Amino acid sequence: MAESAPILSYIDERYGNRRFSPPVDSDAAAIHDEWLQYVESSASLPIMMTSLGKRMGGLPDGLAKFTGPEVTKTLDYIGAGVGDGHYLMGEQLMLADIQMCYILAIAESAGLLKEHPDVAAYLDRLRARPAFIAATEIGGPLMPARR
């Protein structure tokens with residue numbers, strides 16, 4: 001396996017008793033699967049392009065005209081998805097939240113969360129979880145320090 005969403009699903013199914021996934025036959029499962037796939041299918045492109053552009057001296061004008069509004073739309077969508085809850089699916093952490101963490105760390109490192117305090121607060125909640133803290137103590141930070 002090479003893709004993160006199927007890897008997360010496999011680990012949760014095989015070793016986690018699906019505690020990070022909604023019940024299979026529920027409407028919540030379909031919404032959760034959409035979020036799980038959204039991270040790499042829709043959210044990543046504008047965030048990654050903008051992040052890379054900032055590290056390489058900027059994006060060509062045409063590309064910047066695309067990524068700017070797309071980043072805003074993406075982060076607004078994530079903020080609306082979290083809403084008043086702690087996580088994307090409410091009060092319980094799910095695989096989609098775990099999947100979302102890395103792209104939001106990239107967005108933060110590129111300065112993209114400054115105008116999205118709700119999304120920054122969501123990322124902070126993810127980072128404050130004991131399992132996240134333990135994982136970063138073992139594996140290091142999601143985003144290495146910029147040089």
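The values are calculated or read from the model by the stated rules, or taken from the named source; none is laboratory data. This structure is a prediction, so every number in the text was calculated from the model and none was measured. Note that each Cβ is placed from the backbone with ideal geometry, even for glycine, and that neighbours are counted across all protein chains shown. What goes into the accessible areas is simple: the full protein's heavy atoms, side chains included, and nothing from ligands, DNA or RNA. Shrake-Rupley method; radii C 1.70, N 1.55, O 1.52, S 1.80 Å.
Stokes-Einstein diffusion of segment 1-62 at 10 °C, 1.306 mPa s viscosity, Kirkwood radius from Cα pairs, rounded to a whole number: 115 µm²/s. Taking K and R as +1 and D and E as -1, what net charge do the other residues with C-beta under 9 Å from the C-beta of A120 add up to? Net charge around A120: -2. According to the calculation over all Cα-Cα pairs in segment 73-147, the P(r) per 5 Å bin from zero is 3, 15, 29, 26, 16, 9, 2, 0 %. Between 0 and 90 degrees, rounded to the nearest ten: what's the tilt of helix 130-139 against the longest Cα principal axis of the chain? Compared with the principal axis, the helix lies near 60 degrees.
Counting only GluC sites (Glu not before Pro) that are in a DSSP loop and have at most 10 other C-beta atoms within 10 Å, tell me the longest site-free stretch of the chain.
4-90
Of the residues P69, G58, P6, the one whose Cα sits farthest toward the positive end of the charge dipole of segment 1-104, with +1 on the Cβ of Lys and Arg and -1 on the Cβ of Asp and Glu, is G58. Rg of the Cα atoms in segment 23-147, relative to 2.2 N^0.38 Å, amounts to 1.09. Quick one: helix 27-38 against the long Cα principal axis of the chain, what's the angle to the nearest 10°, folded into 0 to 90? So the inclination is approximately 30 degrees. The 1.4 Å probe gives accessible areas that order M1, M89, largest first, as M1, M89. The long axis of helix 95-109 is offset from the longest Cα principal axis of the chain by roughly 20 degrees. When +1 charges are put on Lys and Arg Cβ atoms and -1 charges on Asp and Glu Cβ atoms, the dipole computed for segment 1-117 relative to its Cα centre reaches about 460 debye. Only protein heavy atoms count here; under a 1.4 Å probe, S4 has an accessible surface of about 40 Å².
Can you tell me the dipole magnitude for segment 78-147 around its Cα centre, using point charges on the Cβ only (Lys, Arg +1; Asp, Glu -1), in Debye to the nearest 20? Could the numbers behind the result be given before it?
Numbers: 6 positive and 8 negative charges, 68 e Å.
Approximately 320 debye in magnitude.
Since only T136, M89, Y122 are under comparison, the one whose Cα sits farthest along the positive direction of the charge dipole of segment 41-145, derived from C-beta charges on Lys, Arg, Asp and Glu, is T136.
When the Gaussian network model of the chain links Cα atoms closer than 10 Å, the mean-square fluctuations of P46, P117, P60 top out at P60. For segment 35-128, the list of trypsin sites (Lys or Arg not before Pro) that fall in a loop by DSSP and count at most 14 other C-beta atoms within 10 angstrom reads K114.
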